[in-house]
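Peer 1: Right, I'll just put the structure down here and ask away after.
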Amino acid sequence: MSENKKHFETEAIRTQSENTQFSEHSVPLYLTSGFVFEDSEEMRASFAEEKQRDLYSRYSNPNVNEFVDKVCKMEGAEAGFAFASGMAAVFSTFATLLDAGDHVVSCSSVFGATHGLFTKYFPKWNIECSYFDIDKVETIESLIQPNTKFIYAETPTNPGVDVLDLEFLSAICKKHNLLLVIDNCFATPYLQQPIKFGADLVIHSATKLMDGQGRVLGGVTVGKKELIREIYLFSRLTGPSMSPFNAWVLSKSLETLAIRVERHCENALKLATFLEAHPKVTWVKYPFLKSHPKHDIAKKQMKMGGSIVAFEVEGGIAGGKAFFDSIKMCSLSANLGDTRTIVTHPASTTHAKVEASVKAAAGITDGMVRCSLGLEHIDDIIADIEQALA
């Protein structure tokens, strides 16, 4: 390995903002809204972008810069911008790329809030979206229109844990001169780097595994420098930027991302294997199970299978709620990627108001449970799931 290119774990720990005169070993918090200039010429040159420096924390901040630099190195990206939440990153990225009259092709299995943008708000601005089924990727090209701007997908998907072939999507985008935008939240850059497979932009909800302890909100988009430049200019005006405190927390969290994610994945695979043999479980979906329909693709583009296991309990809505109510140790929450194991019953909670056809397209059945594996001992996690199933 070259002197300038370090391993993932080393970059996560050693990428830091410049120290102040106090030479801190741990980068301090820069809780300031603005920055001071020496004279009028420095201020003029800075705002004219002739001099690179922090101007105002809505634009940039040393803590935010450090967090973004780390994610860019992890993802192999040229540049990035950090946001107040994952959905702020999704919306700001889309709003930057799209004009009135444009069209998007998206996988039907997307996060509920993203689906809401496509179906409730973008139509108000004459922006349309066509969905393709996760199991019918051969239909993607038939959905592309002259005004299509990009293809968007999550992989693995939320909450169905389906997997899309990034190289396949990239080839379609190159053929039709489209951008490829990928939500990499479930995998994290430790397990998967979509840019290596042809993605132009990668989005994360840093609230999830990047934080890893359910403490702060955050989002980040990284990718090609010229695209990030436009996202920066849009966000500089509209103000969805990440706070310095949250950036400081997230940058510290990235130092342990690799070791945490490995334990999450080990626990997830053990739980998935246990559930496959359980008589009250109808099906189990986990990318590194051989039974997963896209197992080969997952093995090609992911280092491990991720922290999320989806499975179906008997009894539909009632069975799902009964399982949910019988949980004793695991947390009942809509979040994921925490040190604590979390179970969610999408059909009665997060997707209760979503039309049946959309739920079906996203792989959400009435008895489906999404389990985000934490860092507890796997025997204790399995014991709680087992007693709830019983």
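Peer 1: So in segment 98-129, with the set limited to residues that are among the small types (Gly, Ala, Ser) and under 20 Å from residue 87 (Cα atoms), which one is surrounded by the most Cβ atoms within 10 Å (Cβ to Cβ)? Full working, then the answer.
Peer 2: Here is the first cut: in segment 98-129, the residues among the small types (Gly, Ala, Ser) are 100-101, 106, 108-109, 112-113, 116.
Of the ones still in play, those that are also under 20 Å from residue 87 (Cα atoms) are 106, 108-109, 112-113, 116.
Working: 106: 20, 108: 23, 109: 27, 112: 18, 113: 13, 116: 14.
Among residues in segment 98-129 that are among the small types (Gly, Ala, Ser) and under 20 Å from residue 87 (Cα atoms), the one surrounded by the most Cβ atoms within 10 Å (Cβ to Cβ) is 109.
Peer 1: Checking the conditions here, which among 89, 100 is in contact with a Phe, Trp or Tyr (Cβ under 7 Å, 6 or more places away or on another chain), in contact (Cβ under 8 Å) with a residue 24 or more places away in the chain and outside any helix (DSSP H, G or I)? Let's see the steps before the verdict.
Peer 2: Numbers: 89 fails: outside any helix (DSSP H, G or I).
It is 100.
Peer 1: How many residues does segment 263-288 contain that are acidic (Asp, Glu) and either under 21 Å from residue 15 (Cα atoms) or in a loop (DSSP other than H, G, I, E, B) (or both)? Talk me through it step by step, then tell me what you get.
Peer 2: The initial filter retains those residues of segment 263-288 that are acidic (Asp, Glu), namely 266, 276.
Now narrow it down to the ones that are either under 21 Å from residue 15 (Cα atoms) or in a loop (DSSP other than H, G, I, E, B) (or both): none.
Going through segment 263-288 one residue at a time, the tally reaches 0.
Yes/no per residue for (1) modelled with pLDDT of 90 or more; (2) surrounded by 15 or more Cβ atoms within 10 Å (Cβ to Cβ):
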| position | (1), (2) |
| --- | --- |
| 10 | yes, no |
| 15 | yes, yes |
| 21 | no, no |
| 29 | yes, no |
| 35 | yes, yes |
| 44 | yes, no |
| 50 | yes, no |
| 58 | yes, yes |
| 65 | yes, yes |
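Peer 1: Turning to a different aspect of this structure: Picking from 275, 336, 250, which residue would you name as being crowded, with 22+ Cβ neighbours inside 10 Å and either among the basic types (Lys, Arg) or in the same structural domain as residue 206 (by TED's automatic domain parsing) (or both)?
Peer 2: Of the residues listed, the single one that is crowded, with 22+ Cβ neighbours inside 10 Å and either among the basic types (Lys, Arg) or in the same structural domain as residue 206 (by TED's automatic domain parsing) (or both) is 250.
Peer 1: Hey, another quick one. Pull up segment 1-36, narrow it to residues that are touching a Leu at 6+ places or on another chain (Cβ under 9 Å) and either assigned to a loop (DSSP other than H, G, I, E, B) or hydroxyl-bearing (Ser, Thr, Tyr) (or both), then point me to the one that is farthest from residue 258 (Cα to Cα).
Peer 2: 35
Peer 1: Restricted to segment 200-246, and to residues that are of a type in the set (Asp, Glu) and surrounded by 16 or more Cβ atoms within 10 Å (Cβ to Cβ), which residue is nearest to the chain's Cα centre (by Cα)? It would help to see each step written out before you state the result.
Peer 2: Step one: filter segment 200-246 for residues of a type in the set (Asp, Glu), giving 200, 211, 226, 230.
Those left that are additionally surrounded by 16 or more Cβ atoms within 10 Å (Cβ to Cβ): 200, 211.
Values: 200: 15, 211: 12 Å.
Selected residue: 211.
Peer 1: Here is a follow-up. Taking the stated definitions as given, is residue 366 in contact with a Lys or Arg (Cβ under 6 Å, 6 or more places away or on another chain) and charged (D, E, K, R)? Give the derivation first.
Peer 2: Details: in contact with a Lys or Arg (Cβ under 6 Å, 6 or more places away or on another chain): no; charged (D, E, K, R): yes.
Here the answer is no, as residue 366 does not meet what is asked.
Peer 1: Restricting the first residue to segment 320-341 and requiring it to be over 15 Å from residue 159 (Cβ atoms), which pairs with a second residue that is basic (Lys, Arg) meet a Cβ separation below 7 Å and a spacing of at least six or different chains?
Peer 2: Every condition considered, the pairs that remain are 331/340.
Peer 1: Report yes if residue 269 is closer than 17 Å to residue 372 by Cα, without any contact (Cβ under 8 Å) to a residue 40 or more places away in the chain, out of contact with any Pro (no Cβ under 7 Å at 6 or more places or on another chain) and among the hydrophobic types (A, V, I, L, M, F, W, C), otherwise no. So that I can check it myself, show each step before the final result.
Peer 2: On the way: closer than 17 Å to residue 372 by Cα: yes; without any contact (Cβ under 8 Å) to a residue 40 or more places away in the chain: yes; out of contact with any Pro (no Cβ under 7 Å at 6 or more places or on another chain): yes; among the hydrophobic types (A, V, I, L, M, F, W, C): yes.
Yes.
Peer 1: Here's a follow-up. Can you tell which of 239, 219 is of a type in the set (Gly, Ala, Ser), in contact with a helix residue (DSSP H, G or I) (Cβ under 7 Å, 6 or more places away or on another chain) and assigned by TED's automatic domain parsing to the domain that holds residue 72? Give the derivation first.
Peer 2: Working: 239 fails: in contact with a helix residue (DSSP H, G or I) (Cβ under 7 Å, 6 or more places away or on another chain).
Matching residue, one of 239, 219: 219.
Peer 1: To continue, here is another question. How do the pairs read when you match residues in segment 7-33 that are without any contact (Cβ under 8 Å) to a residue 12 or more places away in the chain with residues anywhere that are hydrophobic (A, V, I, L, M, F, W, C) and surrounded by 11 or more Cβ atoms within 10 Å (Cβ to Cβ), using Cβ under 8 Å and keeping only pairs 6 or more apart or on different chains?
Peer 2: That search, which allows pairs on different chains as well, returns 19/27.
Peer 1: To continue, here is another question. Please state which of the following conditions residue 341 fails to meet, knowing it meets all the rest: (1) touching a helix residue (DSSP H, G or I) at 6+ places or on another chain (Cβ under 7 Å); (2) β-branched (Val, Ile, Thr); (3) buried (at least 18 other Cβ atoms within 10 Å of the Cβ); (4) over 23 Å from residue 210 (Cβ atoms).
Peer 2: (4)
Peer 1: Does at least one position in segment 186-193 carry a residue that is over 26 Å from residue 335 (Cα atoms) and either of a type in the set (A, V, I, L, M) or not assigned by TED's automatic domain parsing to the domain that holds residue 81 (or both)? Write out each step before concluding.
Peer 2: Filtering segment 186-193 for residues over 26 Å from residue 335 (Cα atoms) gives none.
Checked segment 186-193: no residue is over 26 Å from residue 335 (Cα atoms) and either of a type in the set (A, V, I, L, M) or not assigned by TED's automatic domain parsing to the domain that holds residue 81 (or both).
For every residue, the table says whether it meets (1) over 17 Å from residue 278 (Cβ atoms); (2) modelled with pLDDT under 95.
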residue	(1), (2)
309	no, no
320	no, yes
325	yes, yes
331	yes, no
338	yes, no
344	yes, yes
357	yes, yes
363	yes, yes
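Peer 1: Could you check, for segment 74-83, whether at least one of its residues is surrounded by fewer than 20 Cβ atoms within 10 Å (Cβ to Cβ) and of a type outside the set (D, E, K, R)? Step through it out loud before you land on a result.
Peer 2: Taking segment 74-83 as the starting set, the residues that turn out to be surrounded by fewer than 20 Cβ atoms within 10 Å (Cβ to Cβ) are 76, 78-79.
Checking the rest, the ones that are also of a type outside the set (D, E, K, R) come to 76, 79.
The answer is yes; a qualifying residue exists.
The values are calculated or read from the model by the stated rules, or taken from the named source; none is laboratory data. Not measured: the values here are computed from a predicted model. Neighbour counts are summed over all protein chains in view; Cβ atoms, including those assigned to glycine, are modelled from backbone coordinates with ideal geometry.
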